[in-house]
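Below is one structure, written out as structure tokens, with a few remarks after it.
The values are calculated or read from the model by the stated rules, or taken from the named source; none is laboratory data. All values derive from a computational prediction rather than experimental measurement. Because the Cβ atoms are built from the backbone with ideal geometry, glycine has one as well, and the counts that use them run over all protein chains shown. Accessible surface is based on the protein model in full, side chains and every heavy atom, while ligands, DNA and RNA are left aside. Shrake-Rupley method; radii C 1.70, N 1.55, O 1.52, S 1.80 Å.
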Amino acid sequence: PKIKEHTQYTIEDQGREKVLRAESRASASAIVYRNPFNVFDHPRLHWKWKVENVYSKGNARTKEGDDYPLRIYVLFEYDPEKAGTYDKAKYGLARALYGEYPPRSALNYIWTSREDESGIITNPYASNTKMIVLQKGKRNLGRWIVEERDILDDYRRAFGADPPAMATLGIMNDSDNTKEASVSYVGFIEVYK
């Protein structure tokens, strides 16, 4: 509700395939696939993405620069059965405000704007969100890039523990902090054994 402008998502024909087009103009919003999957049963994540431009003010380490022409989320579900008293109160309040529990933690596979960003970065807005830099800067702009990741390995490297079992996927193109604009695409995204 705090977001004034939402990113526009549309299906577009590119050659013989349909792809998801994400366009932001000083905007932000995500598409979340609401069917959860078990990351221990399906730990491999595979997708194809393309970015047309990056942000001149993008910076993964600051709130002002926390925008990405494209990011792929793995959102790990909060489990009240495994939570302590503090988390039960915190997540209970969030559920009362928003109608559902927020994710317990998240991995973001990001395409950063800057060439000097790499590795695993803690999101400046949420310490329970770790961002893994896969593509950066202008070197692969306008090209389809296929990625494959092991969610369990990435989560263990980022958080130092096993992830919650259930997760969902999300896609986001945002530019609400930098007030810039970008167009990006996702050709496919899948999880498997």
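Of the strands (runs of 3 or more DSSP E) lying entirely inside the range 1-52, the ones with 1 or more residues being of a type in the set (D, E) are found at 8-14, 17-25.
Checking each residue in the range 103-143 for being among the polar types (S, T, N, Q), buried (at least 18 other Cβ atoms within 10 Å of the Cβ) and part of a strand (DSSP E or B) picks out S105, N108, T112, T129, Q135.
The listed residues are G160, G137, and the only one of them that is over 15 Å from W47 (Cα atoms), free of Cβ contacts under 8 Å to residues at least 60 places away in the same chain and more than 14 Å from the chain's Cα centre (by Cα) turns out to be G160. Please determine, by comparing only the residues of the range 68-80 that are open to solvent by 20 Å² or more (accessible area, probe 1.4 Å) and touching a strand residue (DSSP E or B) at 6+ places or on another chain (Cβ under 6 Å), which one is modelled with the lowest pLDDT. Per the stated criteria, the residue is E77. Looking across D176, D162, one residue alone is out of contact with any helix residue (DSSP H, G or I) (no Cβ under 6 Å at 6 or more places or on another chain), buried (at least 20 other Cβ atoms within 10 Å of the Cβ) and either assigned to a loop (DSSP other than H, G, I, E, B) or basic (K, R) (or both). It is D176. Taken over the range 81-102, the criterion of being exposed (fewer than 10 other Cβ atoms within 10 Å of the Cβ) and either closer than 25 Å to L134 by Cα or among the hydroxyl-bearing types (S, T, Y) (or both) is satisfied by T85, Y86.
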